[in-house]
1. Only one of A:Gly166, A:Gly175 is surrounded by 15 or more Cβ atoms within 10 Å (Cβ to Cβ) and touching a residue at least 12 places away in the same chain (Cβ under 8 Å). Can you tell me which?
2. Give the number of residues within region C:261-279 that are more than 7 Å from chain B (Cβ to nearest Cβ), more than 18 Å from B:Leu158 (Cα to Cα), crowded, with 21+ Cβ neighbours inside 10 Å and free of Cβ contacts under 8 Å to residues at least 60 places away in the same chain.
3. Being at pLDDT 80 or above and touching a helix residue (DSSP H, G or I) at 6+ places or on another chain (Cβ under 9 Å) is true for just one of B:Leu26, B:Leu52, B:Leu38, B:Leu107. Which residue is that?
4. Does A:Ala67 satisfy the condition of being in contact (Cβ under 8 Å) with a residue 60 or more places away in the chain, in a helix (DSSP H, G or I) and crowded, with 21+ Cβ neighbours inside 10 Å?
5. Looking only at region C:280-292, how many residues end up being facing chain B (nearest Cβ under 9 Å) and touching a residue at least 24 places away in the same chain (Cβ under 8 Å)?
6. Considering only region B:191-299, give the helices (runs of 4 or more DSSP H) lying wholly within it that have at least 2 residues that are in contact (Cβ under 8 Å) with a residue 60 or more places away in the chain and under 18 Å from B:Ser85 (Cβ atoms).
7. Can you tell me how many residues in region A:89-111 are part of a loop (DSSP other than H, G, I, E, B) and either at the interface with chain B (Cβ under 9 Å from one of its Cβ atoms) or closer than 19 Å to A:Leu47 by Cβ (or both)?
8. Restricting attention to region A:295-345, and to residues there that are over 26 Å from the mean Cα position of the chain (by Cα) and β-branched (Val, Ile, Thr), which single residue is nearest to A:Leu56 (Cα to Cα)?
Amino acid sequence: MSHSAVKPTPASPTPEGGHLLEVRDLHVEFRTGEGVARVINGVSYHLDAGETLAVLGESGSGKSVTAQAIMGILDTPPANVRSGQILYRGRDLLGQSEEQRRQVRGKEIAMIFQDALSALNPVFPVGWQIGETLRHREGMSRGDARARTVELMDLVRIPAAASRLGDYPHQFSGGMRQRVMIAMALALNPKVLIADEPTTALDVTVQAQIMDLLADLRRDLDMAMILITHDLGVVAGVADRIAVMYAGRIVEHADVHSLYRAPAHPYTKGLLESIPRLDVRGQALSTIRGLPPNLMRIPSGCPFHPRCPYVQQVCVDVVPHDLVLGDGRTSACHFAQEVCDDSAR
Amino acid sequence: MLRFILRRLLQMVLAFFGTTLIVYALMFAGQGDPIQALAGERPVTAAQRAYLTEKYHLDATGVGGFFYRYFDYLKNLLQGDLGQSLTGRQIGDILAAAWPVTVKLALIAMAVTIVIGVTAGVIAGIRRGSIFDNATLVLTLLVLGIPTIVLAPLAQYLLGVKWQLFPPTAGANPDLYALLLPGIVLGSLSLATALRLTRTSVAENLRADYVRTARSKGLVKRRIVGVHVLRNSLIPVITFLGVEMGNLMSGAIITEGVFNIPGIGFNLFRGIRTEDGPLVVGIVSVLVVVYLVSNLVVDVLYAVLDPRIRYE
Amino acid sequence: MSDFETVAATENQAARRGPSGEPGAPNQVGVPRKPRSLAGDAWRDLRRKPIFWISLFLVVLVAAMAVVPALFTANDPRDCVLSRQHAGPSGGAIFGYDFQGCDTYSRAVYGARASLLVGALSALFTGLIAVVVGMLAGYFGRWVDAVLSRVIDIVLGIPLLLAAIVLLKRVSASSDNVRLFAVIFVLAALGWTTAARVIRSSVITAKEQDYVAAARMLGAGNGRIMWRHILPNALAPAIVVLTIALGSFISAEATLSFLGIGLKSPTISWGIDIDAGRVHMRESATPLVVPSTFLALTVLAFIMLGDAIRDAFDPKLR
């Protein structure tokens with residue numbers, strides 16, 4: 001095989017304790033009536049204090065499941081975390097008791113969800129829902145919790161916050177509801193904020209406002225953020241690094257600029273080429289052929305091989321390792337360097 | 001909220017006129033001899049005939065006459081004057097004596113429903129697929145499938161006559177103990193329905209997105225289930241219980257009849273048996289009103305419980 | 001392979017049982033044609049359930065009793081001799097005799113006919129009303145739907161027993177057949193709402209399907225689309241509802257007869273016999289227990305049958 005013209009070295013393991021949050025070789029499967037779906041197959045990524053990591057992928061790629069595994073809110077069963085580590089400040093969350101994990105939720109790592117209308121409880125006023133976290137986690141009095149709730153709602157720029165405490169989720173617009181979710185997640189000053197497709201359910205103009213808000217809050221409150229999305233456009237202005245997921249694996253991992261300039265995995269390349277660009281006239285938009293894999297029957301070798309324009313026999317036979325391309329970039333592709341060179345051209 | 005109640009109130013008034021008109025028309029319109037129709041196969045004395053003719057204005061004829069008589073009946077109904085039964089007693093008096101018993105019985109049935117039905121439903125909903133869950137599903141199906149006319153006499157025979165755990169019949173002034181068995185029999189159907197409804201509702205709400213949010217807030221499980229899930233899943237259950245309270249008060253005909261409990265249902269049962277038309281019409285009219293009012297209360301209750309309805 | 005043969009056999013049998021071409025006739029028994037795999041899954045699921053087989057067996061047994069009671073007992077249920085009052089089992093009378101000196105078992109067997117007749121006919125008429133109302137409301141939508149949905153709400157708000165008392169009071173002096181049909185009329189007039197709602201919502205779903213749009217583009221009229229394309233899809237869930245309703249209609253008939261406003265002697269009905277047995281339960285309990293058991297098992301059989309089929313078709317909440 002001639003694919004080893006360049007000699008990429010295998011990724012070296014990250015040194016112990018260096019990162020704020022680190023996922024190591026996580027495997028999660030779902031047991032259903034029809035069989036076992038292997039949703040996460042060895043995901044590793046890390047997050048340092050103060051940075052924003054974007055996790056990119058199609059629905060079903062396992063990006064949300066990884067986040068829920070970090071939070072410890074997967075429904076088990078059907079989900080089952082088979083192996084791996086989730087290190088927060090060097091301690092493995094997966095080895096902790098439910099009570100210890102509960103303490104981490106909200107206070108250390110908080111999460112906001114895609115559809116705020118269903119993610120908020122329909123029968124309680126928003127003020128009550130935000131205040132509940134303060135009252136039951138911090139032991140605040142009703143009055144203190146109320147005052148702090150107004151502060152939080154001001155912080156996420158909800159107009160006339162004090163007068164809206166008693167309103168119910170369905171009385172807010174989509175953007176305002178998402179702000180309520182964010183205020184709720186910020187209540188306990190978490191160090192890590194996981195935003196799971198925070199703008200997918202919103203209008204385009206509102207999307208931008210929410211992304212700006214998240215970026216500002218991350219900076220002002222000195223949090224680290226994991227931004228889960230399927231939208232490359234959302235990522236560009238906000239993220240420091242991007243991890244691209246496919247079939248429950250990280251296929252490419254790079255800083256934003258390198259990745260946009262020259263993707264090193266055919267899947268990322270396909271994703272980028274399917275975005276219309278304003279600066280190129282008359283270009284033909286390409287699409288990635290084929291369908292996302294069935295997680296009960298993941299293809300052999302590289303799971304992307306049935307859809308890949310670079311496919312060779314080795315892709316069908318051998319699972320590609322993460323190959324380091326320099327600048328800490330990795331790509332799980334046998335032909336990473338070729339793809340990267342191709343893209344840079 | 002106020003507008004919602006007013007609108008429902010208006011609907012109720014319309015439904016009241018509609019239903020009473022139907023009841024009245026069916027009882028009196030197009031009969032060759034309305035008095036004989038009231039009395040069924042019983043012979044009617046001249047005195048009774050004169051009383052009924054005057055009471056229901058049967059001497060007025062035609063469509064105009066019908067509506068004249070209908071509004072007269074309505075007026076009397078609203079004034080609480082239900083007239084006399086064929087036995088000569090004031091129907092109002094009969095009902096006044098019967099209400100407390102029926103309400104007591106309905107409350108026992110309701111207590112049984114809530115204590116056993118809702119509690120077991122919550123447990124079954126949380127432990128969906130468990131042995132407890134499957135057992136309650138089969139048991140409730142059995143209860144739902146066994147008609148009251150089977151359940152009541154058999155319970156009376158086995159628990160009252162054969163094993164003598166309960167008094168088989170209640171008698172004129174039943175105490176709480178005498179009402180217990182009939183209350184359980186009466187409540188069993190509501191219990192089964194409430195259990196299944198609660199189970200489904202809890203199971204559905206446990207999978208709702210807001211539960212995931214509550215977990216990510218780091219709340220303890222007891223609070224997530226006990227406050228977030230329960231508050232949502234009990235909305236349909238409480239609504240059902242409200243409707244059921246109306247049903248229990250009007251639907252105790254069989255149970256009160258079998259156990260000889262001198263409540264509303266028993267009097268209706270006896271009215272039917274003795275072909276006492278005025279008594280049946282009087283009681284049915286009152287029960288229809290009870291039913292309509294309880295439905296209104298339930299709708300208002302629903303609006304209070306579910307903010308999404310309240311602000312529509 | 002053999003699975004599909006069994007399904008096909010069941011379907012054929014069912015088709016032969018109902019009057020052919022009659023809408024609402026139970027000629028599909030919850031096995032819709034369109035989603036083949038769903039029907040296949042449901043059947044595989046059903047086949048494993050003992051409750052399904054037990055209830056099906058009971059339904060067939062009671063149906064046989066209703067059609068040819070003489071197969072099950074040689075005794076005439078109306079051959080009553082007061083001297084045999086509450087006598088023990090003898091001859092064909094395996095459960096002895098009741099207060100009137102009639103054969104308890106024989107009366108229970110002959111009681112199946114009235115129950116099933118009322119149940120089946122009420123379900124049939126219920127089905128007819130429900131198909132018409134549900135189809136019109138679901139297919140035409142807009143004001144037709146608004147009006148019909150309000151009508152459904154109102155009918156649903158009428159307490160069945162009270163309404164039945166009022167309605168049946170009018171025919172209390174009429175002949176047996178009039179009373180029988182009055183009972184059927186009352187049950188159908190008040191009992192069609194649930195099925196109509198079910199049909200309405202499946203019609204709304206079916207209406208949006210591509211093949212309906214295709215049929216319309218090919219120039220099919222409203223009537224043809226409703227009859228040929230939408231109805232077959234809406235029928236399966238409705239039949240499940242009607243199976244359960246049949247059970248509750250039987251229960252309602254017995255209750256009305258028990259109260260003395262439904263069927264009356266000399267018609268033989270479980271409700272009448274339960275009432276009679278109840279009065280004399282202290283002397284002898286069998287005349288109460290036997291018809292009670294027949295009634296309870298019959299009602300249960302229909303309800304469990306419907307429940308099992310529905311579970312098989314709706315795996316959402318398993």
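The values are calculated or read from the model by the stated rules, or taken from the named source; none is laboratory data. Bear in mind that the values here come from a model prediction, so they are computed numbers and not experimental data. Don't worry about glycine lacking a Cβ; one is built from the backbone with ideal geometry, like all the others, and counts go over all protein chains shown.
1. Details: A:Gly166 fails: surrounded by 15 or more Cβ atoms within 10 Å (Cβ to Cβ).
Result of the check over A:Gly166, A:Gly175: A:Gly175.
2. The total comes to 1.
3. On inspection, the qualifying residue turns out to be B:Leu107.
4. yes
5. Adding up the residues that qualify gives 1.
6. Per the criteria, B:264-273.
7. Here is the first cut: in region A:89-111, the residues part of a loop (DSSP other than H, G, I, E, B) are A:89-90, A:96-97, A:106-108.
Retained after the next criterion (residues that are either at the interface with chain B (Cβ under 9 Å from one of its Cβ atoms) or closer than 19 Å to A:Leu47 by Cβ (or both)): A:89-90, A:96, A:106-108.
Residues in region A:89-111 being part of a loop (DSSP other than H, G, I, E, B) and either at the interface with chain B (Cβ under 9 Å from one of its Cβ atoms) or closer than 19 Å to A:Leu47 by Cβ (or both): 6 in total.
8. Per the criteria, the residue is A:Val311.
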